[in-house]
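Contents: one structure, followed by commentary.
What follows draws every value from the coordinates through simple rules; no lab data is involved. Every value quoted in this text rests on a predicted model; they were computed, and no experiment measured them. FYI the Cβ positions are ideal-geometry reconstructions off the backbone, even for glycines, and counts take in every protein chain you see.
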Amino acid sequence: MTKLSDLRVDPALETEGVWVDFAAGVRLRIARLANPRFQERIFALAHRNGAAESEPTKEERDQQLRRAVAETVLVGWDQVEEEDGSPMPYSPERALEVLSDPGLRDLYEFVLRRAQDVELYRRRRLEAHAGN
């Protein structure tokens, strides 16, 4: 049997994100896709397009999703460098550039998959890691 407390998620982690290892030493801070900030942002972007006279294209909807993810789901990174070797500071604008790059599609898909992994945001998981 399972206690309900074992199933609880931490709302702060859902919004603030958790650090996840990606590849080549890169770490990404990923908030849950179902977090309130994402929900509000995707609604605002869709509503803004709803005021347009025509339905958005698939490409426009994809870009809206990428923008919402860049602004509210991928909330930080570590060990990411510019081409000249200098650290690449995180910003939502830079995140949007990265997530929109077809050559970095695997990173974008990784962010989406991990953002839907409820186990990352479980309170018990956090407490277990703190004990190690």
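7 Å from Cα along Cα→Cβ at both residue 29 and residue 113: what's the point-to-point distance in nm?
Each label point lies 7 Å from its Cα, and together they span 2.4 nm.
Assign one of three labels to the range 9-122, namely rounded, prolate or oblate, based on the Cα gyration tensor with a ≥ b ≥ c the square roots of its eigenvalues; rounded applies when a/c is under 1.5, prolate when it is not and a/b is larger than b/c, and oblate otherwise.
oblate
Let me have the 222 nm mean residue ellipticity of the chain computed from DSSP H runs of 4+ only, each contributing -39500 (n - 2.57), with the sum over all residues rounded to the nearest 500.
It lands at -15000 deg cm²/dmol.
Need the full-extension length gain, residue 48 to residue 2, defined as separation in residues times 0.36 nm minus the C-alpha distance. One decimal, nm.
Extending this stretch completely gives an extra 12.2 nm.
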